Amino acid sequence: MLENYEHYITKNIKAFYRRRLFTPILYLLVLAALWYIFSLSSLLSPDALDDSMALETAYRNDMEYVTTTFYDLKFTGYTQVQFGRTTGYYYYTMRGDECVIALLSPGTSEEGLPEIDAAAITGKILHGSKSFDALLVTLSSDLNWTENGIRNKVSPYFLSEPGYNVWGNRILFAVFFATSAYALLCIVFFTLFSCFPVLSPPCQDLALFGNPKKLLEQAEEELATLPQLATEDMFITEHFFIETSVYGNAIVPIDEIIWIYKYSTLHKFFWYHFSISYTLHISANRHLYIQCPKNIKSDIDGIIDYLSEANHNILVGFNEENRLKVQEMQGTPMHFGKFIEFLNRKI
């Protein structure tokens, strides 16, 4: 017993946070792979397209998203319509000896100005599709050109400003970088907690009742020497209730516990009921709440019986009477009830 439970709590806290490192690390690896596969760097920072470079050359050089300035743009009279809404206006202009088509957003084109002297745009280089081919056919008729003539003169690639979805990209990168930052913070904190368990949330909860380091050392010593009651992942020592499960860790002084009860969960697949698990709920002073899920009934009943004997002031069982008593003892955090009452009076 002495050997088995030596530094048992800190070992489990370290193991718990080391296991949790896997998810954020995997998430960052997935994000890195997506960044590489979809060339998100070009989406975040589009390449500058020089006036001397043809769209086809840029496309073949993997310059998918570019920023450039077009001059002397003329409206073709044709628009791009999606779901009954005009999302772009087709313009043409000359770049050297090449005629290029640019699909401008409604804002840039001011809903289809006949001519635009200059427009600095960020867009996506696209290869002409069937709709683009149809545009060239109708445009050649309007300009009294032959179809072969316009195809020889007009680039088969065009620049789509709506193709670079500004707001969509902003949301994408906001989510991308926010979740990346959160994953990095998780890695930092989980690493910190696995190296220094006393800094972890389960140990810092003990700051509500005294010095976390001293209380952790006391709980470790009591568990290593003579645990009063032990289940698979819950323990009772002379002064503490301790949980060390794959779902979390907890250390609660028995004298600070005010309410305990169990809650059952029926697990089923469609109509087949295959198991029932029980969760132990513990409320302690200073608004500390602990849940110990996925336990068997006999273990939780034994814990509840022992705790209620060790501290006769503990309320046992979930009912309205006990809930009101706990609310009266605990009060409402941050005087929330008084705040609601104040608002009601004002209304």
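The values are calculated or read from the model by the stated rules, or taken from the named source; none is laboratory data. None of these values were measured; they are calculated from a predicted model. Cβ atoms come from the backbone with ideal geometry, glycine included; neighbour counts cover every protein chain shown. Accessible surface areas use protein heavy atoms only, side chains included; no ligands, DNA or RNA. Shrake-Rupley method; radii C 1.70, N 1.55, O 1.52, S 1.80 Å.
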Flagged pairs (Cβ under 9 angstrom, 6 or more apart or on separate chains; first in segment 132-143, more than 11 Å from ILE101 (Cα to Cα) and of a type in the set (Val, Ile, Thr); second open to solvent by 60 Å² or more (accessible area, probe 1.4 Å) and not in a helix (DSSP H, G or I)) are THR138/TYR78
Any idea how many residues of segment 91-137 are among the basic types (Lys, Arg) and either open to solvent by less than 10 Å² (accessible area, probe 1.4 Å) or more than 15 Å from PHE70 (Cα to Cα) (or both)? 1
Given the conditions (1) on the phi > 0 side of the Ramachandran plot; (2) assigned to a strand (DSSP E or B), which single one is not true for LYS124? (1)
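Yes/no per residue for (1) open to solvent by 60 Å² or more (accessible area, probe 1.4 Å); (2) modelled with pLDDT of 95 or more; (3) not in a helix (DSSP H, G or I):
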residue: GLY163; (1), (2), (3): no, no, yes
residue: GLY168; (1), (2), (3): no, no, no
residue: PHE177; (1), (2), (3): yes, yes, no
residue: PHE189; (1), (2), (3): yes, yes, no
residue: SER194; (1), (2), (3): no, yes, no
residue: CYS203; (1), (2), (3): no, yes, no
Given the residues GLY88, GLY84, which is the only one that is of a type in the set (Gly, Ala, Ser) and surrounded by 17 or more Cβ atoms within 10 Å (Cβ to Cβ)? GLY88
Check segment 318-338 and report whether any residue there is modelled with pLDDT of 90 or more, within 28 Å of GLU238 (Cα to Cα), polar (S, T, N, Q) and assigned to a helix (DSSP H, G or I). yes
Any residue in segment 293-322 that is in contact (Cβ under 8 Å) with a residue 24 or more places away in the chain sitting within a Cβ distance under 6 Å of a residue that is open to solvent by 90 Å² or more (accessible area, probe 1.4 Å) and not in a helix (DSSP H, G or I)? List the pairs, counting only those 6 or more apart or interchain. PRO293/TYR247
